[in-house]
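Structure first, commentary second.
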Amino acid sequence: MLNSRQRAQLRGLANPINATFQIGKSGIVPNMVKQVCDALEAHELVKIHVLENCPLDTREACGQMAELTGADPVQVIGRKFIIYKASEENPEIVLVK
C-alpha cells in the first residue's frame, strides 16, 4: 500500500509518460492483463487510457486492473489512470519512506 508521499513521487515520474494501453469496448480482457503485467515488470509504472466506449468507468477499470495485476493504483485523472508495481528482477524506482 502506498502512502501519499509515495503516490506524489510516482505521479511526478508518470507525468511525462504516454498512455501505454487503451481499454475499449471489450473491457479488460485476459490478454491485456498479461501484457500489462509484462509492462509493469519492465517499467514498474504504467499509464492506461480508458476509451469512451468502454463499459467501465475509469475508477472501476483502475481498480480491476490493479487487482488483476497485483499492482497499486497511483492516480485516476480524467480518462487515464496510473498503476505501479515494483519489479521483482531489477527494481529501478526507489520510493520515499
Selection from 87, 64, 75 lying farthest towards where the dipole of the chain points positive, charges on Cβ: 75
Whichever aspartates and glutamates have a C-alpha closer than 16 Å to that of residue 80, once near sequence neighbours (fewer than 8 apart) are set aside: 52, 57, 60, 72
Dmax and Rg, reported as Rg then Dmax, of segment 52-91 (C-alpha, Å): 11.4, 36
Tail weight of P(r) past 17 Å, computed on alpha-carbon pairs of the chain, percent: 46 percent
Charge dipole (debye, nearest 20) of the chain; +1 at Cβ of Lys and Arg, -1 at Cβ of Asp and Glu: 400 debye
For segment 44-97 and segment 1-29, distance of Cα centres in Å: 4 Å
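The numbers here are math on the coordinates, done by the rules we state, and not lab data. As the structure is a prediction and not an experimental result, all values here were calculated from the model. For neighbour counting, all protein chains shown are included, and Cβ atoms are generated from backbone atoms with ideal geometry for every residue, glycine included.
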